[in-house]
Amino acid sequence: MTRLIPYLLYLLLVGLHQVILKDVTMIYNATINLPAFLVLAIAIYKSETSSIWFGFLVGVVMAGGMHYRIGWHALILASLALAAFHYRQRLNLDSMYSRVMLISGGVFVHNILSLVVNQPDAFIYQLWSNALLGAVYTALVVWVFFLFKDGKITFQKFKAIF
Amino acid sequence: MGWISNSITRQRRTLHFGAVILLSGILAIGGTPINRYVSQVVFTGFYYPFFKIRNSVEELYQVSQENYRLRQSLVEASVTISMNEETRRENDRFRSVLLYDPPPGYTLLPAKVISVYGNRLPILATINRGAHDSVVVDQPVINQEGLIGRVVTVTPDYATVQLLTHPANRVAARVGESREMGIVKYSADEGMTLDNLPVQSTIAAGDLIISSGLGGIYPAGLIVGTVIEVTRPEDEPFCRVHIRPLANFNSIEELFILKVVN
């Protein structure tokens, strides 16, 4: 049961992001795609089963406000998690940049698929202004996250700059 | 039965993904009660607490903004009130001046005090009237309370008034009741006094002291002050008379120069 607590916290984090952080961190219509980032990160570090079910639940939570699209979002994120897991098995992900690339690519694909589900009418316009910019923005955040995770940046080093 | 469990174990991944596809498929059929129920559960469990936090923060921010605006309004209102209060006081002073008739042969030239000089009490005051306004040396200066002093220096735009509190200032005065004459002067030790009044004088505390018109500077009848104490030393020929000036020299603002009508 205790194994599920981190996943529950991640789901709460998705809720927090959807309600508060998404608007707060928005830059020129580009938002951080935290749900996709979390699903892909879980796919990189955890088992296949965990990734698929976590992707499904994140999709459900993410689309909680749009009940007629819940299924599509759940399916997209579960599939993304499965694909990311198999990529991870076939690629050398020791390199930080390969992980960043995998997650950025996954986020971009998720942004595109979300556009297809949510706003098919404005797809071409939103593709560049929302999907690509959002993926780049998320990639930057992911890069900083992995810099901290791999110990390339620590708070001590950060403080030493000043 | 063994082959079934082996098969399940081998196909575990496929089964999990199949279950996910099945559930997603069920949820993808929009508008069903299941969708609404799931949406409600997600909203209640994962969104609602954060919506409450967000609303509270927004409300707090709005209250803070409103508080800031109200504080600004309060400051503006206080400034307006104090300005109105000042205008009312000025109005009161001007009304009291309007009731004042200058001595015959004189007109009033209003002036504003722009600076004062003195240690404990002001002894000199600079006013915003000068030679361009026909101000000349030795013109008497009054306010609505009484005699203030006389002009001692004049520049084209400004003039300096020597106040009654100046140690060098002397006013030829008389007692309002008995018409006895003396000299009003001011010293830092004794304050304002009326000198040269014989001990036989009938002067008493409360008597009004006015200018006598002698000396050629101050016209007769200008109020200088009231007697607060009279002592008659046995071995001296003159009384010691202490006077309280009617004018408050610490609060002089608008003054009036008495100009002789040509």
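Okay, residues lined up against (1) exposed (fewer than 12 other Cβ atoms within 10 Å of the Cβ); (2) small (Gly, Ala, Ser); (3) in contact with a strand residue (DSSP E or B) (Cβ under 6 Å, 6 or more places away or on another chain):
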| site | (1), (2), (3) |
| --- | --- |
| A:128 | yes, no, no |
| A:135 | no, yes, no |
| A:140 | no, no, no |
| A:161 | yes, no, no |
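Sort through B:175, B:199, B:230, B:184 and tell me the only one that's touching a Phe, Trp or Tyr at 6+ places or on another chain (Cβ under 7 Å) and among the aliphatic types (A, V, I, L, M). Just one listed residue meets the conditions, B:199. Residues that are surrounded by fewer than 19 Cβ atoms within 10 Å (Cβ to Cβ) and under 14 Å from the mean Cα position of the chain (by Cα) within segment A:45-65 comprise just one, A:45. For segment B:100-114, a residue qualifies if it is of a type in the set (Gly, Ala, Ser) and surrounded by fewer than 12 Cβ atoms within 10 Å (Cβ to Cβ), and exactly one does: B:105.
Kindly provide the set of residues from segment A:99-126 that are surrounded by 15 or more Cβ atoms within 10 Å (Cβ to Cβ) and of a type in the set (Gly, Ala, Ser), ordered by number. Those that are surrounded by 15 or more Cβ atoms within 10 Å (Cβ to Cβ) and of a type in the set (Gly, Ala, Ser): A:104, A:105, A:106, A:114. Among helices (runs of 4 or more DSSP H) entirely within segment A:1-77, having at least 1 residues that are of a type in the set (S, T, N, Q) and more than 7 Å from chain B (Cβ to nearest Cβ) singles out A:48-62. Annotation: of all residues in segment B:36-92 being surrounded by 12 or more Cβ atoms within 10 Å (Cβ to Cβ) and among the β-branched types (Val, Ile, Thr), the one that is nearest to the other protein chains (Cβ to nearest Cβ) is B:42. Filtered by the rule that a residue be small (Gly, Ala, Ser) and either within 27 Å of residue B:89 (Cβ to Cβ) or surrounded by 21 or more Cβ atoms within 10 Å (Cβ to Cβ) (or both), segment B:141-170 gives B:146, B:149, B:159. Here A:69, A:88 are screened, and the one residue that is in contact (Cβ under 8 Å) with a residue 40 or more places away in the chain, among the basic types (Lys, Arg) and closer than 15 Å to residue B:24 by Cβ is A:69.
No value in this document is a laboratory result; all are computed from the given coordinates. Predicted, not measured: the structure shown is a model, and the values here were computed from it. For neighbour counting, all protein chains shown are included, and Cβ atoms are generated from backbone atoms with ideal geometry for every residue, glycine included.
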